[in-house]
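Q: Mind looking over this structure? Questions follow.
The values are calculated or read from the model by the stated rules, or taken from the named source; none is laboratory data. The model shown is predicted, which means the values in this text are computed figures rather than measured ones. Counting neighbours? That spans all protein chains shown, and the Cβs are built from the backbone with ideal geometry, glycine included.
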Amino acid sequence: MLGGRTLLERAVITMRLVADRVTVGVAVDDVERAQAVCGSDAVVVAGGATHRETMVAAFRAGSAPWVLVHDVAHPFLTSGLARAVIDAARTGSAAVPEAASAYHAPREGVRERLGPGTVWMVRRPFGCRRADFARVLEHGRRRRRAERAPRARGRPHATRPRLPWHIKVTTAEDWALAQAIERQLRPA
């Protein structure tokens, strides 16, 4: 619970503001519980054994020509940023929010900020054409089968300005930061 809502509720509420249909992929054992949380605001589908398999299951359950992929690990996504990402994708081919600056920290020596265009760090959501996403998923499936196939290279067509509080929650420290951010963003 963050700010009185589960991370799933937060994600669905935000995505309902920008999407005609919200599809949620969850672990097989969590489908009923997730449907109870989402109510009629989302279609809940059983995912697979991995994050990727779950994302594929959710993708296959949809049919819209544009896809906006989000996850509960980014609890502070705003509808404005989500709209900016999908609008930017529609003017090109794909878009993501910008992430913070990146640095190289060698074991010895001086920490160095990596210049623009040398590394791409992204946050969710990402938006793209359904057909493009399907090709990326197929390439990934073939790559895993062939092990030595080249990795997909490239970068999103567009990035949208990031929000400083649009963090990803993956560690206990991230969770503590999320709770502090929630307290600061909560209306008085």
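Q: Could we say that H166 is closer than 19 Å to T14 by Cβ, touching a Pro at 6+ places or on another chain (Cβ under 9 Å) and at pLDDT 85 or above here?
A: Taking the combined requirement at face value, the residue does not satisfy it.
Q: Provide a single number: the residues in region 45-61 that are within 18 Å of P125 (Cα to Cα), crowded, with 17+ Cβ neighbours inside 10 Å and in contact with a helix residue (DSSP H, G or I) (Cβ under 9 Å, 6 or more places away or on another chain).
A: Number of matching residues: 3.
Q: Within region 42-50, can one find any residue that is small (G, A, S), under 22 Å from F76 (Cα atoms) and assigned to a helix (DSSP H, G or I)?
A: Within region 42-50, none of the residues are small (G, A, S), under 22 Å from F76 (Cα atoms) and assigned to a helix (DSSP H, G or I).
One line per residue, one yes/no per condition, for (1) within 15 Å of the chain's Cα centre (by Cα); (2) part of a loop (DSSP other than H, G, I, E, B); (3) surrounded by 15 or more Cβ atoms within 10 Å (Cβ to Cβ):
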{"residue": "L8", "(1), (2), (3)": "yes, no, yes"}
{"residue": "A36", "(1), (2), (3)": "no, no, no"}
{"residue": "G39", "(1), (2), (3)": "no, no, no"}
{"residue": "S63", "(1), (2), (3)": "no, yes, no"}
{"residue": "A73", "(1), (2), (3)": "yes, yes, yes"}
{"residue": "R90", "(1), (2), (3)": "no, no, yes"}
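Q: Run A82 past the list (1) small (G, A, S); (2) in contact with a helix residue (DSSP H, G or I) (Cβ under 7 Å, 6 or more places away or on another chain); (3) under 22 Å from T170 (Cα atoms); (4) part of a loop (DSSP other than H, G, I, E, B) and report the number of the one that doesn't hold.
A: (4)
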